[in-house]
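**Student:** Structure incoming, see below.
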Amino acid sequence: MTTNLDSALLTKLLRRAADQLKGEWLLVGGTLLPAVGINVRSTVDVDLIGLTTAESAQQLELMELAGSLGLPVDTINQTAAFFLKKVGYTKIDLIVLHQGSTATIFRPSLALYWRLKCGRLSETDAEDCRHYMKFCLDAGDPVSLDDLGEILRRSLIEAASADKKNRLRQLSRSAGIEI
């Protein structure tokens with residue numbers, strides 16, 4: 001059984017995680033949108049990544065926390081951790097989303113979010129990129145169109161399918177970025 005995550009349930013999970021877990025965590029994926037108040041689509045998993053091995057060792061605690069809120073334990077998805085390691089990040093890419101008593105939960109910079117999403121760039125990923133870009137611009141986050149353009153250009157070179165290439169071109173047009 002899957003449970004759709006809305007902003008209220010996700011906020012409850014993140015607050016408890018920040019008060020019960022330790023260290024630094026990064027929220028990515030489709031779950032990020034409702035966490036910042038963008039409720040444009042439903043999502044069923046939480047891509048909350050521990051940023052060091054100390055946090056990663058707490059995955060069972062995170063699953064238990066999800067279970068205590070009535071969520072299936074497989075709501076916690078660690079696949080994004082693989083992609084985060086693959087694309088890399090710096091401290092500049094981490095923006096505090098929620099500060100708890102024992103842990104900090106970050107959201108990604110727009111550039112990091114796009115690096116994570118553009119590897120696959122399904123139609124849903126492209127829409128997520130558009131929505132998060134608007135959020136970041138409205139929030140006053142530093143956004144480099146040059147960096148985003150470079151992400152799109154690299155992704156276009158690596159894209160195997162014509163559909164993905166078209167989505168990358170559409171994303172670049174909607175963002176006002178020439179590639």
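The values are calculated or read from the model by the stated rules, or taken from the named source; none is laboratory data. What you see is a predicted model; the values in this text were computed from it and never measured. Counting neighbours? That spans all protein chains shown, and the Cβs are built from the backbone with ideal geometry, glycine included. These area figures cover heavy atoms from the full protein model, side chains too; ligands, DNA and RNA do not enter into them. Shrake-Rupley method; radii C 1.70, N 1.55, O 1.52, S 1.80 Å.
**Student:** Sort out which residues of the stretch 94-109 are open to solvent by 80 Å² or more (accessible area, probe 1.4 Å) and assigned to a strand (DSSP E or B), and write them in order of number.
**Tutor:** Pass one, the stretch 94-109, residues open to solvent by 80 Å² or more (accessible area, probe 1.4 Å): 96, 99, 101.
Val96, Gln99 - these are the residues of the stretch 94-109 that are open to solvent by 80 Å² or more (accessible area, probe 1.4 Å) and assigned to a strand (DSSP E or B).
**Student:** When both residues are 6+ apart or on different chains and their Cβ atoms are under 6 Å apart, which pairs have a first residue that lies in the stretch 147-168 and is among the β-branched types (Val, Ile, Thr), and a second that is open to solvent by less than 10 Å² (accessible area, probe 1.4 Å) and part of a helix (DSSP H, G or I)?
**Tutor:** Taking only residues 6 or more apart or on different chains, the pairs are Ile151/Trp114; Ile151/Cys118.
**Student:** OK, next. How many of the residues in the stretch 38-56 are loosely packed, with under 14 Cβ neighbours inside 10 Å and touching a residue at least 60 places away in the same chain (Cβ under 8 Å)?
**Tutor:** Of the residues in that region, 2 qualify.
**Student:** Could you tell me which residue of the stretch 15-29 is farthest from Lys91 (Cα to Cα), considering only residues that are open to solvent by less than 10 Å² (accessible area, probe 1.4 Å) and part of a helix (DSSP H, G or I)?
**Tutor:** So in the stretch 15-29, the residues open to solvent by less than 10 Å² (accessible area, probe 1.4 Å) come out as 17-18, 21, 25-28.
This time we only want the ones that are part of a helix (DSSP H, G or I), so: 17-18.
Values: Ala17: 21, Ala18: 19 Å.
Here the answer is Ala17.
**Student:** Further, regarding this structure: Scan the stretch 91-114 and tell me whether some residue there is closer than 21 Å to Gly30 by Cα, at pLDDT below 95 and within 16 Å of the chain's Cα centre (by Cα).
**Tutor:** no
**Student:** Take the stretch 124-179 and flag every residue that is under 20 Å from Pro108 (Cα atoms) and among the polar types (S, T, N, Q).
**Tutor:** Within the stretch 124-179, Thr124, Ser144, Ser155, Ser172 qualify.
**Student:** Then there is this: Can you report the number of residues in the stretch 145-179 which are surrounded by fewer than 12 Cβ atoms within 10 Å (Cβ to Cβ) and either under 20 Å from Val28 (Cα atoms) or among the basic types (Lys, Arg) (or both)?
**Tutor:** Total satisfying the criteria: 1.
**Student:** Shifting gears a bit: Scan the stretch 72-99 residue by residue and report those that are in contact with a Leu (Cβ under 8 Å, 6 or more places away or on another chain), within 18 Å of Ala18 (Cα to Cα) and not aliphatic (A, V, I, L, M).
**Tutor:** Hits for the stretch 72-99 are Thr75, His98.
**Student:** Could I ask something else about it? Scan the stretch 126-144 residue by residue and report those that are outside any helix (DSSP H, G or I) and loosely packed, with under 15 Cβ neighbours inside 10 Å. Break it down into steps so the answer makes sense when it comes.
**Tutor:** So in the stretch 126-144, the residues outside any helix (DSSP H, G or I) come out as 140-144.
Across the stretch 126-144, the qualifying residues are Gly140, Pro142, Ser144.
**Student:** Evaluate the following for Thr11: is it open to solvent by 10 Å² or more (accessible area, probe 1.4 Å), under 23 Å from Leu94 (Cα atoms), free of Cβ contacts under 8 Å to residues at least 12 places away in the same chain and hydroxyl-bearing (Ser, Thr, Tyr)? Break it down into steps so the answer makes sense when it comes.
**Tutor:** Working: open to solvent by 10 Å² or more (accessible area, probe 1.4 Å): yes; under 23 Å from Leu94 (Cα atoms): yes; free of Cβ contacts under 8 Å to residues at least 12 places away in the same chain: no; hydroxyl-bearing (Ser, Thr, Tyr): yes.
No.
**Student:** Of everything in the stretch 75-93, what is under 15 Å from Leu10 (Cα atoms) and open to solvent by 80 Å² or more (accessible area, probe 1.4 Å)? Give them in sequence order. Spell out how you get there, then give the answer.
**Tutor:** The first filter runs over the stretch 75-93 and keeps only residues under 15 Å from Leu10 (Cα atoms), leaving 75-77.
Across the stretch 75-93, there are no qualifying residues.
**Student:** Can you list residue pairs whose Cβ atoms sit under 8 Å apart, with the first residue in the stretch 60-78 being part of a loop (DSSP other than H, G, I, E, B) and the second being surrounded by fewer than 17 Cβ atoms within 10 Å (Cβ to Cβ) and among the hydroxyl-bearing types (Ser, Thr, Tyr)? Count only pairs 6 or more apart in sequence or on different chains.
**Tutor:** Gly70/Thr3; Leu71/Thr3; Pro72/Thr2; Pro72/Thr3
**Student:** Name the one entry in Leu121, Leu112 that is within 29 Å of Thr52 (Cα to Cα), open to solvent by less than 60 Å² (accessible area, probe 1.4 Å) and assigned to a loop (DSSP other than H, G, I, E, B). Break it down into steps so the answer makes sense when it comes.
**Tutor:** Working: Leu112 fails: assigned to a loop (DSSP other than H, G, I, E, B).
Just one listed residue meets the conditions, Leu121.
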